[in-house]
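Visitor: Here it is: the structure, laid out below.
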Amino acid sequence: MADPRPIGVFDSGVGGLTVARAIIDLLPGEPLLYVGDTARFPYGPKPLTEIKRYALEIATYLVDRGVKLLVVACNSIEVAAIEEVGVAAGVPVVGVIDPGVRAAVRVTHNRRIGMIGTEATVKSGAYDRAVARTGKDVELFCEACPVFVEFVERGDTSSPQLFAAAREYLAPLQAANVDTLILGCTHYPMLSGLIARVMGRDVALISSADETAKDVYEELVAGDLRASGAPTHEFVCTGDPATFRTVAERFLSPSIPEVLSVVPGGFRAAVGER
Ligand code: DGL
């Protein structure tokens, strides 16, 4: 029996859209209900108790809206409150930290892994614990990159100022000779071009999004919760909806306004028609 209830996905802003994108790619029949707490963004510099309060508020809203599963699409929320969210939710909860670490330990050759995230995530030590849980003999080097999220939230993924910040933040990880870098904040995959340019193309960048989507898939199958059909996704934010929409459309998927039909062999004529 198909379960048409939506999957709840939440973040402090647009970062969780990287996870939403991966879920949509893997599970195109599933409706998503996304919350970005843009009015209270950023979470990274805030105390964990404050992040926890916001997380529980949003999780309760999503459960009251009838979601069948919750995706904590934000590392900072996960380190502050994943257990409490799990207890409060009463539906399966999927996070992003273990999936990212799993992918990184699979990929590294020299067993030196870097992780970049918000101050809250780095300070919590959650990634060190997640690496220890894998039982693999790898070394982890963590750096906080506080201003990255501000740039992403403004839709800036390539300005000279951002490059300058990236060079500074990433220098210790280059010096540590990591061959794999976990993007430990869901906003960062939107900066993968820039990060790859600074780190060099030989360093594997790990976004937890795809691996998290696979966990979502597993949970849905295990709980017989799969939906089917053409879903409608819903987006909620606490800040200005127009700003959210502009950035979200750019990052999640630009809508395709028109598709031109050209018959095979008819390309030259089609140019004239335009
Ligand atoms: N996207 C969030 C994360 O994964 C953090 C952004 C913020 O600082 O609010 O940690």
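Visitor: Per DSSP H run of at least 4 residues, take -39500 (n - 2.57); add these up for the chain, divide by its residues and hand me the 222 nm value, nearest 500 deg cm²/dmol. Each step should come with its number before you reach the end.
Guide: On the way: 12 runs with 131 residues, N = 274.
Value at 222 nm, helices only: -14500 deg cm²/dmol.
Visitor: Now for a different question. Just to confirm a number: summing +1 for Lys and Arg and -1 for Asp and Glu over residues other than Asp11 whose beta-carbon lies under 11 angstrom from that of Asp11, what do you get?
Guide: -3
Visitor: What's the extension gain from Thr243 to Glu218 if we count 0.36 nm per residue and subtract their Cα-Cα distance?
Guide: Values: separation 25, 0.36 × 25 = 9.00 nm, distance 3.38 nm.
Separation in residues times 0.36 nm, less the Cα-Cα distance, equals 5.6 nm.
Visitor: Ok, one more. If you average the C-alpha positions of region 8-32 and of region 216-273 separately, how far apart do those two centres end up, in angstrom?
Guide: So the two Cα centres are separated by 12 Å.
Visitor: Amide H of Leu205: which non-local residues (sequence gap of 5 or more, or other chain) have their own amide H closer than 5 Å, using H built in the peptide plane?
Guide: Hits under the 5 Å cutoff: Leu181.
Visitor: Same structure, new question: Can you tell me the length gained on complete extension of the stretch Gln174 to Lys123, counting 0.36 nm per residue apart and subtracting the Cα distance?
Guide: Working: separation 51, 0.36 × 51 = 18.36 nm, distance 2.04 nm.
Once the chain is fully extended between Gln174 and Lys123, it gains 16.3 nm.
Visitor: Taking amide H positions as placed in the peptide plane 1.01 Å from N, state which residues far from Phe10 in sequence (5 or more) or on other chains have amide H under 5 Å from it.
Guide: For Phe10, whose amide H was placed from the backbone, the distant partners under 5 Å are Val35, Val71, Ala73.
Visitor: Rounded to a whole number, what % of the accessible area of region 43-189 do carbon and sulfur atoms account for, probe 1.4 Å?
Guide: Carbon-and-sulfur percentage of accessible area, whole number: 52.
Visitor: Where the eigenvalues come from the Cα gyration tensor of the chain, what are the semi-axes √(5λ) of the equivalent ellipsoid, largest first, in whole Å? Before the final figure, lay out each step's value.
Guide: Working: eigenvalues 174, 135, 74 Å².
Rounded to whole Å, the semi-axes are 29, 26, 19.
Visitor: To continue, here is another question. Quick one: compute the contact order of the chain, relative version, from alpha carbon pairs under 8 angstrom and 6+ residues apart, as a percent.
Guide: Numbers: 499 pairs, mean separation 78.4, N = 274.
So the answer I get is 29 percent.
Visitor: Still on this model: What does region 159-235 give for Rg and for Dmax, in Å, if only its C-alpha atoms count?
Guide: In Å, with Rg to one decimal and Dmax whole: 17.2, 49.
Visitor: Hand me the trypsin sites (Lys or Arg not before Pro) from region 151-215 located in a DSSP loop with no more than 16 other Cβ atoms within 10 Å, in residue order please. Mind dumping the intermediate values first?
Guide: On the way: sites: Arg154, Arg167, Arg197, Arg201, Lys214; in loops: Arg154, Arg201.
In loop regions of region 151-215 (DSSP not H, G, I, E or B), the sparsely surrounded trypsin sites (Lys or Arg not before Pro) are Arg154, Arg201.
Visitor: Turning to a different aspect of this structure: Heavy-atom accessible area per residue, the chain, 1.4 Å probe: how many Å²? Present the calculation step by step, with values, prior to reporting the outcome.
Guide: Details: 13010 Å² over 274 residues.
On a per-residue basis, the chain sits at 47 Å².
Visitor: Would you mind calculating the relative contact order of region 76-222 from Cα pairs under 8 angstrom and at least 6 residues apart, reporting the percent as a whole number?
Guide: On the way: 209 pairs, mean separation 46.1, N = 147.
After rounding, I find 31 percent.
Visitor: Using a Gaussian network for the chain with springs between C-alpha atoms less than 10 Å apart, which of these wobbles most: Asp64, Asp98, Asp37?
Guide: Asp64
Visitor: Counting every Cα pair in region 89-162, what percent are over 22 Å apart?
Guide: On the way: 1018 of 2701 pairs.
Pairs farther apart than 22 Å: 38 percent.
Visitor: Per the Cauchy relation, a quarter of the hull surface: what is the mean projected area of the convex hull of the alpha carbons in region 1-74, in nm²?
Guide: For region 1-74, the mean projected area of the Cα convex hull comes to 5.0 nm².
The values are calculated or read from the model by the stated rules, or taken from the named source; none is laboratory data. On a predicted model such as this, the values are computed, not experimentally measured, just so you know. We place every Cβ from the backbone using ideal geometry, glycine too, and count neighbours over all the protein chains shown. Protein only, heavy atoms only, side chains kept; ligands, DNA and RNA dropped before computing areas. Shrake-Rupley method; radii C 1.70, N 1.55, O 1.52, S 1.80 Å.
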